[in-house]
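What follows is one structure encoded as structure tokens, with my remarks underneath.
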Amino acid sequence: MGYFGKVLSGFGSLLTGMRITFSQFAKTFFGRKNVTLQYPKEQPKLAPAFRSAIKLIRFEETGTHDCVACKACERICPSYCIKLSGGKVEGIKKKRVAEFEMDFSLCSLCGLCIDACPTDTLEYSKVYEEAGYNRDWRVDLVAEFREYEAEFVEKQRVIEEKAATAKKAKAEAAKKAKEAKKAKEAEKAKEAEAEAADTAEKPDTAEKPPALEAKPAKADAPAKAEVPTAEVPTAEAPKS
Amino acid sequence: MPETLSQLLDDSVLAMPIAAGLIMGALTINVLMLVWAERKVSAWIQRRMGPTEVGPFGLLQTLADMLKLISKQLITPSNVDKPLFHLAPLLAFAPVIAAVALMPFSKSLILVQNDFGLLFVFAFGGIAVIAIFMAGWGSNNKYALLGAIRSVAQSISYEIPLILSALSVVLVVNAMGFTLASGGSIVVANGLDLSHIVMAQDQHGLWFVLVQPIAAIIYFISALAETNRAPFDIPEAESELVAGFHTEYSGMRFSMFFFAEYTNMLIVSMLAVVLFFGGWDGPVLPGPLWFFLKSYMVIFVMMWVRWTFPRLRFDQLMTFCWKVMIPLSILNLLATAFVVAVL
Ligand code: SF4
Ligand code: SF4
């Protein structure tokens, strides 16, 4: 390529560059398509699997979280960013978390706490606008649940009470059912006996002697039945 | 309007300040709009939005920037050469106003009629180089000095093809006689008179970009270099020299350089329109409007170029000038001279 050829090809490549930038210009200017997101005015579309800082789930059935302050998350967190406390709450059996302090500036979003949680009450949130203004910036994750807590405890207490009474009733019912069953069985046995006696003493049939004989049998049956019925509730108790 | 204006300018003692004020006001608005346009064009080329917040479409953004610059403290570093340091921004600022005054906006709207307008415009461009060197030298700062040295070397080199390409147009104009609209007599055209250049194109219905395409391209490229615009912006190369010759300037002094730079863009574009694109020549719309429309189209191309090409290295810049631009423009001039002599 001679001198003029070089100049011409160089000029051609310049024109190519200008064509490319003009096509971009035209796309923005005439096509009104730009890549800018006017952030505070527009919100970004988050990917479905977007993972941001962890949060407690609010379950629909209970209306609140289900953290039992087991500290499994605190122990497994590789960044030591969870600090929680909690324990027994007056009136209910369940333990509840009292304070769930999160240091988002340390969290590596690894998700181990989510996997470790036995009650599955942790998940990734979709907040992306969090900002801390000092070094010890902590967020209390249960803070937003505080107003529901009393309600939940009250409900839970009622539920537990109901459950307890139901359990008692059930146990009693079971006991009764067992007794009834035993009684029935005993009656059946007695009837069978009576029938056997009937058939045996058919020739000189007398109404009285079998009745008299049945009496001790009837008194015997409950005494026999008592042993298994006493065992039944203790065996059933852990199940219910 | 032109009549009353020229009467006012002829008769009144106030002529000077009024003219200066008019030009200043127009140029200030021009610079504000150009900076806005530059930001918008760059944004659109990069698929962004550009300024949108201040005023409709962000139009007032540069006004806000200007106010900020005005309110800034004027810092004079302790070891500068004070007279040079203070004089440089003014010296960069004044010639651009003078150059704009020479432009023929239409047949009647010429603020200063001069037989050698073209020469004067180039001469005023030369003063700007001195101003830049004063600023760089006076700042007593290595980056400023390096920027100034680069600028001077670049401007001096690129002035040669710039003037050579303009000269080939002058030859063409000189070869053409044309009838003056009012007198109806054949007049010998004076190729150095800016309005004569336009009239020659007007009369023959032929823009010189078609007669002298190579000169037009060479002129445009040299003009980019003259105005220190990318890809020839090595005098202020931010990534290498902080800000080049105006590193030490702040506030209004800085904005004077800025003003001069953007007005220089306007001047070289206006000159391009006069030399190659038929000046005020155009259908329907009034002359001055055509003139400005064309000028801003040229400026748009300058911006487009700026946001397309990367900055040249200094040796590439010099090689390009001395090995490509100057030989080509000399060849072009010789060819033109030959054709003109033969015809
Ligand atoms: S996501 Fe990982 S780092 Fe963050 S709190 Fe959970 S365990 Fe800790
Ligand atoms: S692992 Fe789950 S239930 Fe246990 S303390 Fe953490 S959040 Fe609460």
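All of the numbers you see were taken from the coordinates with simple rules; none came from a lab. Keep in mind that this is a model prediction, so the values were computed, not measured. So basically every Cβ, Gly included, is an ideal-geometry build from the backbone, and we count neighbours across all protein chains shown.
Dipole magnitude for the stretch B:75-342: computed about the Cα centre from +1 point charges on Lys and Arg Cβ and -1 point charges on Asp and Glu Cβ, it is near 200 debye. Short-range pairs are left out: with C-alpha atoms under 8 Å and at least six residues apart, the relative contact order of the stretch B:75-342 is 25 percent. Rounded to the nearest 500, the 222 nm mean residue ellipticity of chain B from helices alone is -22500 deg cm²/dmol, with -39,500 (n - 2.57) taken per DSSP H run of at least 4 residues.
Phi angles of the stretch B:64-72 translate, via the Karplus equation with coefficients 6.51, -1.76, 1.60 and θ = phi - 60°, into HN-Hα couplings of 4, 4, 4, 4, 4, 5, 4, 7, 7 Hz per residue; Gly and Pro are given as x.
Counting only lysines at least 8 places from B:Lys294 when in the same chain, those with an alpha carbon closer than 17 Å to its own are B:Lys107. Students often forget the sequence filter, so: which lysines lie under 27 Å Cα-Cα from A:Lys6 once same-chain residues fewer than 8 apart are removed? Counting by Cα, and skipping residues close in sequence, A:Lys6 has these lysines nearby: B:Lys323. For A:Asp140 and A:Glu160, the FRET efficiency from 1/(1 + (r/R0)^6), where r spans their Cβ atoms and R0 equals 22 Å, is about 0.25. Taking a temperature of 4 °C and a viscosity of 1.567 mPa s, what whole-number D in µm²/s does Stokes-Einstein yield for the stretch A:54-145 with Rh from Kirkwood over alpha carbon pairs? The Stokes-Einstein estimate is 95 µm²/s. Can you give the local net charge around B:Phe93? Use residues other than it whose beta-carbon is closer than 11 angstrom to its beta-carbon, Lys and Arg +1, Asp and Glu -1. Residues near B:Phe93 contribute 0 overall. Whole-percent P(r), chain B, all Cα pairs, 10 Å bins from 0: 5, 23, 33, 25, 11, 2, 0.
In a shell of Cβ-Cβ distance under 15 Å around B:Ile127, excluding B:Ile127 itself, what net charge do Lys and Arg (+1) and Asp and Glu (-1) give?
So the surrounding residues net to -3.
Straight Cα distances below 29 angstrom link A:Lys95 to the lysines A:Lys55, A:Lys71, A:Lys83, A:Lys126, A:Lys155, A:Lys162, A:Lys167, A:Lys168, A:Lys170, A:Lys239, with same-chain residues fewer than 8 positions distant left out.
All C-alpha pair distances within the protein assembly as shown, sorted into 20 Å bins from zero, spread as 15, 30, 17, 14, 9, 7, 6, 2, 0 percent across the bins.
Other residues whose C-beta falls under 12 angstrom from the C-beta of A:Leu46 contribute a net charge of +2, scoring Lys and Arg +1 and Asp and Glu -1.
If a/c stays under 1.5 just call it rounded; otherwise compare a/b with b/c (prolate if a/b is bigger, oblate if not). Do that for the stretch A:68-205, with a ≥ b ≥ c from the square roots of the Cα gyration tensor eigenvalues.
Details: a/c = 6.19, a/b = 3.85, b/c = 1.61.
Taking the square roots of the gyration eigenvalues as a ≥ b ≥ c, the stretch A:68-205 is prolate.
For the stretch B:217-290, the gyration tensor built on C-alpha atoms gives an oblate shape. Its axis ratio a/c (a ≥ b ≥ c) is at least 1.5, and a/b is not larger than b/c.
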